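First up is the structure itself, then whatever we jot down about it.
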Amino acid sequence: MRRREFIAALGGAVIWPLATRAQQRLPVIGYLNAAASDGHGDMLRAFRRGLEESGYVEGENVAIDYRWADNEPDRLRVLAADLAHRHVNVVAAASAPASLAAAKATTTIPIVFMVSEDPVRLGLVTSLARPGSNATGINFFSAELAAKRLELLRTLVPNAKRVTALLNPAEPTIEAANRRDVEAAAADMELQLHLINAASIAEIDAAFAALARDRPDALFISSGPFFGSRSVQLAQLAARHAIPAIGGNRHYSEVGGLISYGASLTDAHRHAGIYVGRILKGADPADLPVAQSNKFELVINVSTARMLGISVPPALLAITDEVIE
């Protein structure tokens, strides 16, 4: 009898830790981003905040596996395939390139995308109202704001006649939309527009060396994940060469850039976190309508303006979402 009791006790000792480990196994979110991790702190905090609104806290009842392509497009395919191989519960893909890589890697794992382009045209969903696949997410406006950015830059630098637009041909759809809209807006404003390309860190340096020789009155920086991830480099080069420039997201102004205007990427990330939480609770991405984020942010760094000898018009300050001293 004692022998049977010992065996039963031993069996309980073996089974109990295995059961505990099973209970502790957390659902895993694969976070895929085409850029480097620098400058994404606010966005990641917003993503986690959205998760918390859905009842999930990183490290407590959900885990997040972060994958960064460091602005190397070829790495995205490998990173997305690895997340699919790991059988993560959901992939959160920040940017169109990351979303497309995830969609190619899996047709079964739910994908929550964050894209500035039409997800139907990208082939990620069949419609905004009923995605009809394993993907849904957040669509925010970015490239469509090019004309507004140029208008704001002209307001800040009213005597500007010659403007250069910095574009990234490695992001072809974003580049095409920015180029089309900024060309049309420049023509309406009777501005002389010069286009210059950069798709790498070295090419950004080379572009500013050319700008130092050409001396435009102002610089328009295209939207897109690559330039967004190079905000510090762009802001420092613009300051070094004393070129008034407008960027496409608030981080550009936060790190010393003169002015920025664009969709709130933190708002898009919060919405994405909410959607990921809903899917973890059982929602089918095929039935979750694509959400459209319409929150835009105008940020002006008045310290940089003073350094450049620019007086910010009171009317522009009145509509600014944040003024950085």
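Would you confirm whether or not region 192-212 contains a residue that is small (Gly, Ala, Ser), in contact (Cβ under 8 Å) with a residue 60 or more places away in the chain and surrounded by 16 or more Cβ atoms within 10 Å (Cβ to Cβ)?
Within region 192-212, none of the residues are small (Gly, Ala, Ser), in contact (Cβ under 8 Å) with a residue 60 or more places away in the chain and surrounded by 16 or more Cβ atoms within 10 Å (Cβ to Cβ).
Within region 89-100, can you find the residues that are out of contact with any strand residue (DSSP E or B) (no Cβ under 6 Å at 6 or more places or on another chain) and assigned to a helix (DSSP H, G or I)? Please lay out each step first, then the result.
In the first step, residues of region 89-100 are kept if they are out of contact with any strand residue (DSSP E or B) (no Cβ under 6 Å at 6 or more places or on another chain); the result is 95, 97, 100.
If the condition is that a residue be out of contact with any strand residue (DSSP E or B) (no Cβ under 6 Å at 6 or more places or on another chain) and assigned to a helix (DSSP H, G or I), then Pro97, Leu100 are the ones that fit.
Can you say whether Ala199 is in a loop (DSSP other than H, G, I, E, B), in the same structural domain as Ser311 (by TED's automatic domain parsing) and within 22 Å of Ser116 (Cβ to Cβ), as far as the supplied structure shows? Write out each step before concluding.
Numbers: in a loop (DSSP other than H, G, I, E, B): yes; in the same structural domain as Ser311 (by TED's automatic domain parsing): yes; within 22 Å of Ser116 (Cβ to Cβ): yes.
Against the criterion (in a loop (DSSP other than H, G, I, E, B), in the same structural domain as Ser311 (by TED's automatic domain parsing) and within 22 Å of Ser116 (Cβ to Cβ)), Ala199 qualifies.
Being assigned to a loop (DSSP other than H, G, I, E, B), surrounded by 18 or more Cβ atoms within 10 Å (Cβ to Cβ) and out of contact with any Pro (no Cβ under 8 Å at 6 or more places or on another chain) is the filter here, so list the residues in region 142-191 that pass it.
Residues satisfying the conditions are Ser142, Asn168, Leu191.
Looking only at region 51-88, how many residues end up being within 21 Å of Leu26 (Cα to Cα), in contact with a strand residue (DSSP E or B) (Cβ under 8 Å, 6 or more places away or on another chain) and in a loop (DSSP other than H, G, I, E, B)?
Residues flagged as within 21 Å of Leu26 (Cα to Cα), in contact with a strand residue (DSSP E or B) (Cβ under 8 Å, 6 or more places away or on another chain) and in a loop (DSSP other than H, G, I, E, B) within region 51-88 amount to 3.
So which residues in region 302-314 are more than 18 Å from Asp217 (Cα to Cα) and either in contact (Cβ under 8 Å) with a residue 24 or more places away in the chain or under 29 Å from the mean Cα position of the chain (by Cα) (or both)? Don't jump to the end; show me each part of the working.
Here is the first cut: in region 302-314, the residues more than 18 Å from Asp217 (Cα to Cα) are 302-303, 314.
Once the filter is applied, which keeps residues that are more than 18 Å from Asp217 (Cα to Cα) and either in contact (Cβ under 8 Å) with a residue 24 or more places away in the chain or under 29 Å from the mean Cα position of the chain (by Cα) (or both), region 302-314 yields Val302, Ser303.
Confirm whether Arg75 is surrounded by 15 or more Cβ atoms within 10 Å (Cβ to Cβ) and free of Cβ contacts under 8 Å to residues at least 24 places away in the same chain.
Numbers: surrounded by 15 or more Cβ atoms within 10 Å (Cβ to Cβ): yes; free of Cβ contacts under 8 Å to residues at least 24 places away in the same chain: yes.
Taking the combined requirement at face value, the residue satisfies it.
Looking at Gly262, Gly257 in this structure, which one is crowded, with 19+ Cβ neighbours inside 10 Å, touching a residue at least 40 places away in the same chain (Cβ under 8 Å), more than 14 Å from the chain's Cα centre (by Cα) and not in a helix (DSSP H, G or I)?
Checking each option against the conditions leaves just Gly257.
Consider region 280-301. How many of its residues are in contact with a strand residue (DSSP E or B) (Cβ under 7 Å, 6 or more places away or on another chain), among the hydrophobic types (A, V, I, L, M, F, W, C) and either free of Cβ contacts under 8 Å to residues at least 12 places away in the same chain or within 30 Å of Pro110 (Cα to Cα) (or both)?
5
Need the failing condition index for Gln292 against (1) modelled with pLDDT of 95 or more; (2) part of a strand (DSSP E or B), just the number.
(1)
Among the numbered conditions (1) of a type in the set (A, V, I, L, M, F, W, C); (2) in contact with a strand residue (DSSP E or B) (Cβ under 6 Å, 6 or more places away or on another chain); (3) in a loop (DSSP other than H, G, I, E, B); (4) within 27 Å of Val91 (Cα to Cα), tell me where Ile138 comes up short.
Against the list (1) of a type in the set (A, V, I, L, M, F, W, C); (2) in contact with a strand residue (DSSP E or B) (Cβ under 6 Å, 6 or more places away or on another chain); (3) in a loop (DSSP other than H, G, I, E, B); (4) within 27 Å of Val91 (Cα to Cα), Ile138 comes up short only on (3).
The values are calculated or read from the model by the stated rules, or taken from the named source; none is laboratory data. Here the structure is a predicted model, which means the values were calculated and not measured. Neighbour counts run over all protein chains shown; Cβ positions are idealised from the backbone, glycine included.
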